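Everything below concerns the one structure shown next.
The values are calculated or read from the model by the stated rules, or taken from the named source; none is laboratory data. Please read these numbers as outputs of a predicted model, since none were measured by experiment. Cβ coordinates were reconstructed from backbone atoms using ideal geometry, including for glycine residues, and neighbour counts include every protein chain displayed. When the accessible area is computed, the model is the full protein with side chains, heavy atoms only, and any ligands, DNA or RNA have been set aside. Shrake-Rupley method; radii C 1.70, N 1.55, O 1.52, S 1.80 Å.
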Amino acid sequence: MPLDPQAKALLELMAASGAPPLGAGSVADARQGIAAFAQLGGEPEPVAHIEDRQIPSPDQAIPVRIYTPEGRGPFPVLVYFHGGGWVLCNLDTHDPLCRSLANAAECVVVSVDYRLAPEHKFPAAAEDCYAATQWVMNNAASINGDAHRVAIGGDSAGGNLSAVVALMARDRGAQAPVFQLLIYPATEHYLADYPSSRENADGYFLTRDDMEWFWNHYLNNEAETDNPYASPLRAASLIGLPAALVITAEFDPLRDEGEFYAARLQESGVATRLVRYDGMIHGFLSMAGVLAQGREGIGLAAGGLRSAFGAKPDSGEAD
């Protein structure tokens, strides 16, 4: 399929801006540059209630932002981990997406501001996301949530962290999420050689060089590339994990590793749906303000969540 016309126009605008590649500047420069990313999500939707809170963890308090939709709870809950290569982004960059998911899926969304690399390298982000998920499961009633209907999800690095949290919960004998929403997830260290990482290495927003920059900031050493809590595709077994929806984009260097992970989940007996958006680029759900397929992707994600939660579309209550 050809590149989507809206995506093509957006990429041309980005190229014309003359923004330097990630590796050309400091981490602080990259974080400052990504701050405008939220604008691509469009006008933020009104949500019934939004609260910023600190939740405890074994290492330090974790900031979260809690989005509660209209209606009467207890609501199902999505614990959301933002993308940004474990280095960039925060609660604000993914605010429009989290608002849309809370409304469309009729669930509480708990967006997690996990620690970022390189200040906090692997496995700090994964441990924060795991701790936040367990806190939600143990304290769901305090946020008008249903502890028996807790899903995890995220985009890009957040998709990686979602897959990792599912593995951690299984391996540690903890309560498992009911569902994992993996949006163009990073599932294997960038050195893995896939057709999509070659074909889409440059020119489609996320580049192969970007992924090298991200991974080098995230990991402590090369040996960690084989750790399944960094590269979940390298886990010895995916048996017993929660049902999943995996969303990929045609013009994304991460396309193949996401699709291979979906295939491995299916082979392991995990109910998994894989949907590739032809013509699309990495990050397109967060660009729903300018990309029609981004809005469609949010609708697909919300539908997958509602199905997993067993919620009635008109009530938000369990069937």
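Here ASP202 clears all of (1) closer than 22 Å to GLY294 by Cα; (2) open to solvent by less than 50 Å² (accessible area, probe 1.4 Å) except the condition numbered (2). One residue stands out among those in the range 117-151 that are of a type in the set (Gly, Ala, Ser) and under 18 Å from the mean Cα position of the chain (by Cα): the one that is farthest from VAL178 (Cα to Cα), which is ALA117. Taken over the range 100-142, residues that are among the charged types (D, E, K, R), touching a strand residue (DSSP E or B) at 6+ places or on another chain (Cβ under 6 Å) and part of a helix (DSSP H, G or I) amount to 1. Is the range 160-172 home to any residue that is touching a Cys at 6+ places or on another chain (Cβ under 6 Å), at pLDDT 95 or above and not basic (Lys, Arg)? There is at least one residue in the range 160-172 that is touching a Cys at 6+ places or on another chain (Cβ under 6 Å), at pLDDT 95 or above and not basic (Lys, Arg). Scanning for something in contact (Cβ under 8 Å) with a residue 24 or more places away in the chain, among the acidic types (Asp, Glu) and either surrounded by fewer than 17 Cβ atoms within 10 Å (Cβ to Cβ) or touching a Leu at 6+ places or on another chain (Cβ under 9 Å) (or both), does the range 11-20 turn up at least one residue? No.
For (1) touching a helix residue (DSSP H, G or I) at 6+ places or on another chain (Cβ under 6 Å); (2) closer than 27 Å to ARG208 by Cα, each residue gets a yes or a no:
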residue	(1), (2)
ALA102	no, no
ALA105	yes, no
ARG115	yes, yes
HIS120	no, yes
PRO123	no, yes
GLU127	no, yes
GLN134	no, no
ALA147	yes, no
GLY153	yes, yes
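Restricting attention to the range 152-166, does a residue exist that is crowded, with 24+ Cβ neighbours inside 10 Å and over 14 Å from the mean Cα position of the chain (by Cα)? No, because not a single residue in the range 152-166 is crowded, with 24+ Cβ neighbours inside 10 Å and over 14 Å from the mean Cα position of the chain (by Cα).
To keep it simple, each residue is scored yes or no on (1) over 16 Å from GLY258 (Cα atoms); (2) charged (D, E, K, R); (3) more than 19 Å from the chain's Cα centre (by Cα); (4) crowded, with 22+ Cβ neighbours inside 10 Å.
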residue: PRO195; (1), (2), (3), (4): no, no, yes, no
residue: LEU206; (1), (2), (3), (4): no, no, no, yes
residue: ASP209; (1), (2), (3), (4): yes, yes, yes, no
residue: TYR218; (1), (2), (3), (4): yes, no, no, yes
residue: ASN221; (1), (2), (3), (4): yes, no, yes, no
residue: THR225; (1), (2), (3), (4): yes, no, yes, no
residue: ALA230; (1), (2), (3), (4): no, no, no, yes
residue: LEU233; (1), (2), (3), (4): no, no, no, no
residue: ALA236; (1), (2), (3), (4): yes, no, yes, no
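In the range 60-87, the qualifying residues are those that are in a loop (DSSP other than H, G, I, E, B), out of contact with any His (no Cβ under 9 Å at 6 or more places or on another chain) and touching a residue at least 60 places away in the same chain (Cβ under 8 Å), and the one that is most open to solvent (accessible area, probe 1.4 Å) is ARG72. Where residues in the range 238-272 are assigned to a strand (DSSP E or B) and among the hydroxyl-bearing types (Ser, Thr, Tyr), which of them is least open to solvent (accessible area, probe 1.4 Å)? Residue satisfying both the conditions and the ranking: THR248.
One residue stands out in the range 167-193 among those that are outside any loop (DSSP other than H, G, I, E, B) and touching a residue at least 40 places away in the same chain (Cβ under 8 Å): the one that is surrounded by the fewest Cβ atoms within 10 Å (Cβ to Cβ), namely ARG170.
For the range 120-131, does any single residue satisfy the condition of being under 27 Å from SER26 (Cβ atoms), in contact with a Pro (Cβ under 9 Å, 6 or more places away or on another chain) and open to solvent by 10 Å² or more (accessible area, probe 1.4 Å)? Scanning the range 120-131 turns up at least one residue that is under 27 Å from SER26 (Cβ atoms), in contact with a Pro (Cβ under 9 Å, 6 or more places away or on another chain) and open to solvent by 10 Å² or more (accessible area, probe 1.4 Å).
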